[in-house]
Amino acid sequence: MSPGVARRAVIAAWGAFALVAATANRDALAQQRLAVGDIRVDVSPLRASAGDPTATWVAEELPRALAQALAGHRTPRGGTLGVRVDSLTLGPNKDSRAWDNISGVVTIGGVERPVRATSRYWASAVDHATIVRSNHARVSSAVQALAFWIARDL
């Protein structure tokens, strides 16, 4: 066998090994996802800073959004997922759009991690007439974004 052919065979073997190792590592990471049993949401810091109805909307919608986002990872024997929502900011409209931010802390298995999500809002001409409805929609979008990131990171 010529040195060039042997060299190519070694490179091909290493490439195949790397592909198998990467696939096995991805599958192992997928299996390490934490199982979730109960979901608890604490909005008391949000209620202190933003008040109602914002805190009430988050308290009502976040458990449902998390249950939906974690549908494949829920089990009665899973750990309790705790989410404390510290802040939610509805950004100012600039050029008919705004960025809304929600942040807090996720706790599962005794481990706390900060979590943050951003959602984009497009202003409508009727928003001023229905400010409560548009704010509720903005809060709902931020809650959905937060649930997505929490589910993705578990």
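Derivation of every value follows stated rules applied to the coordinates shown; laboratory data play no part. Small disclaimer: the values here were computed from a predicted structure and weren't measured. As a convention, Cβ positions derive from the backbone with ideal geometry for all residues, glycine included, and neighbour counts pool all protein chains shown.
Can you check what the net charge comes to around Ser119, using other residues whose Cβ is under 14 Å from the Cβ of Ser119 (Lys, Arg +1; Asp, Glu -1)?
Net local charge, Ser119 excluded: +2.
Write out the trypsin sites (Lys or Arg not before Pro) in the range 64-110 meeting two conditions: DSSP loop, and at most 14 other Cβ atoms within 10 Å of their Cβ.
Arg77
I'd like the Karplus ³J(HN,Hα) series for the range 91-107: coefficients 6.51, -1.76, 1.60, θ = phi - 60°, whole numbers in Hz, and an x wherever there's a Gly or Pro.
Along the range 91-107, the couplings run x, x, 6, 10, 6, 6, 9, 8, 10, 10, 10, 9, 8, x, 9, 9, 10 Hz.
At 0.36 nm per residue, minus the direct Cα-Cα distance, what do Thr107 and His73 gain on full extension? Give it in nm, one decimal, please. Spell out each step's value before the answer.
Numbers: separation 34, 0.36 × 34 = 12.24 nm, distance 1.56 nm.
Result for the pair: 10.7 nm of gain on full extension.
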